[in-house]
Amino acid sequence: MSVIQETHLIQRKDSRGSLVAIEGLVDVAFDIKRIYYISGTGTDVRRGCHAHFHLKQMAVCVQGSCRFVLDNGFERVEHLLDNSATGLVIEPMVWHEMYDFSPDCVLLVLADAPYDKADYLHDYGRFIELAQSRAGDVNRLVA
Ligand code: TYD
């Protein structure tokens, strides 16, 4: 599966403006347990720089734009998020970094679990080791 998974959200536009609704298990493939948003980020700032062991997330740039690096241990892809009707899915064990925030950027993130410090993997070397060894385990099981 590609490391970039985008979801197209329905944008309801009329003369009053635009409305995008996101329902858990309907517009996003998980039950939403937490919402957070990032704003006021300097253009030279890099955020994220971690992977999660279990957490599933979807990021939507509701205003402005920012870039992501998504890395599953085998594929590392840079991706621009600049459309408020596009959700970017961040699967567990995907290293992610966010950068190049526009001054007006508001990045909304939906998550399938409450905040848990223990679910974070901050060491990139350890991440690569784990991601590649897990893939090796799966390959051995299906061989
Ligand atoms: P941090 O994980 O550093 O953000 P990012 O991944 O964007 O670089 O989070 C910043 C602070 O906010 C840190 O003290 C942890 C806290 N935090 C919460 O309390 N709840 C949350 O849901 C998140 C994502 C962070």
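For Y37, the shell of other residues with beta-carbons less than 14 Å away shows a net charge of +1, using +1 for Lys and Arg and -1 for Asp and Glu. Label reach from Q132 (point 7 Å along Cα→C-beta): in the stretch 81-98, amide nitrogens under 17 Å belong to 94-95.
Taking other C-beta atoms within 10 Å as the exposure proxy, H54, H96, H79 rank H54, H79, H96 from fewest upward. Hey, how much of the P(r) for the chain falls beyond 17 Å, as a percent of Cα pairs? More than 17 Å apart: 63 percent of the Cα pairs in the chain.
Summing +1 for each Lys or Arg and -1 for each Asp or Glu among the other residues whose beta-carbon sits under 13 angstrom from that of L9 gives -1.
If you average the sequence gap of Cα pairs under 8 Å that are 6 or more apart and divide by the length of the chain, what percent do you get for the contact order? Relative contact order, the chain: 32 percent. Under the simplified labelling scheme, the F74-R16 pair shows an inter-label distance of 4.8 nm, with each label point 7 Å from Cα along Cα→Cβ.
List the lysines whose Cα lies under 23 Å from the Cα of K117, skipping any in the same chain that are fewer than 8 positions away. Hits, sequence-local ones excluded: K33, K56. Tell me the net charge near P103. Cut-off is 14 Å between Cβ atoms, P103 excluded, with +1 for each Lys or Arg and -1 for each Asp or Glu. Spelling it out: positives minus negatives among the neighbours equals -4. Annotation for the stretch 67-140: GluC sites (Glu not before Pro) lying in DSSP loop with at most 16 further Cβ atoms inside 10 Å of their Cβ are E75. Separation of the stretch 57-132 and the stretch 19-40, taken as the distance between their Cα centroids, equals 14 angstrom.
FYI, it's all coordinate maths here, none of it is from the lab. Keep in mind that this is a model prediction, so the values were computed, not measured. Glycine also receives a Cβ, built like all others from the backbone with ideal geometry; neighbour counts cover every protein chain displayed.
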